[in-house]
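**Q** Attaching a single structure in structure tokens format; questions to follow.
The values are calculated or read from the model by the stated rules, or taken from the named source; none is laboratory data. In this text, all values refer to a predicted model and were calculated from it rather than measured experimentally. So basically every Cβ, Gly included, is an ideal-geometry build from the backbone, and we count neighbours across all protein chains shown. When the accessible area is computed, the model is the full protein with side chains, heavy atoms only, and any ligands, DNA or RNA have been set aside. Shrake-Rupley method; radii C 1.70, N 1.55, O 1.52, S 1.80 Å.
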Amino acid sequence: MEQDRAKGFDAFVAARWSALFHLARLLVGGDRHRAEDLLQEALVKLWFVWPKIAEEAPEAYIRKVLARAAARSARRRWWGERPAEQLPDLAEVGDLSASVVERSRLGAALARLPPRQRAAVVLRYYLDLPEGQVAEMLGCPVGTARSHASRGVARLRRILADVTEPVG
């Protein structure tokens, strides 16, 4: 029984790791290390309820856990040590494609949004979730979630209009 549980969980994590990690990065504003921590925390919670939701909606459950954990994490005043802005002796980067540059600009712009607005924009427009589900995941009324998303998109437009060169 326990082996079947582990196999099903492992298969889910293997299949969805990349997409879940990308979602976590967007929710924390691009910080890879915080995203890894956030995803690990969410996966631990998923493991404990796996027998109950394995056949139902594990993807929806872990998205909700990620969104709530990201919001909770954003309210903390201190997360521990923070990595330095620049590493010494960085390797030379070759030619970057336009899509990578645009993705970097968007990621940097998302990182400048307040955590609730960032979560609402990512859930609504990146994951294409309906407003009701976004509100449920954020733990707020639909009108508030709609407001966060609207203000987040408006602020993203202003940020992206101000920046003419890639950020990062």
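**Q** Report, by residue number, each residue of region 35-62 that is over 20 Å from residue 18 (Cβ atoms) and open to solvent by 40 Å² or more (accessible area, probe 1.4 Å).
**A** If the condition is that a residue be over 20 Å from residue 18 (Cβ atoms) and open to solvent by 40 Å² or more (accessible area, probe 1.4 Å), then 48, 51, 52, 55, 56 are the ones that fit.
**Q** Any residue in region 51-63 that is over 23 Å from residue 35 (Cα atoms) sitting within a Cβ distance under 7 Å of a residue that is assigned to a helix (DSSP H, G or I)? List the pairs, counting only those 6 or more apart or interchain.
**A** From residues that are over 23 Å from residue 35 (Cα atoms), the pairs are 51/5; 53/61; 54/8.
Yes/no matrix, rows are residues, columns are (1) assigned to a helix (DSSP H, G or I); (2) at pLDDT 90 or above; (3) open to solvent by 20 Å² or more (accessible area, probe 1.4 Å); (4) at negative phi:
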site	(1), (2), (3), (4)
103	yes, no, yes, yes
110	yes, yes, no, yes
116	yes, yes, yes, yes
122	yes, yes, no, yes
128	no, no, yes, no
134	yes, yes, no, yes
144	yes, yes, yes, yes
152	yes, yes, no, yes
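**Q** Just checking, does region 14-22 include any residue being open to solvent by 40 Å² or more (accessible area, probe 1.4 Å) and not in a helix (DSSP H, G or I)?
**A** Looking for residues that are open to solvent by 40 Å² or more (accessible area, probe 1.4 Å) and not in a helix (DSSP H, G or I), one finds none in region 14-22, hence no.
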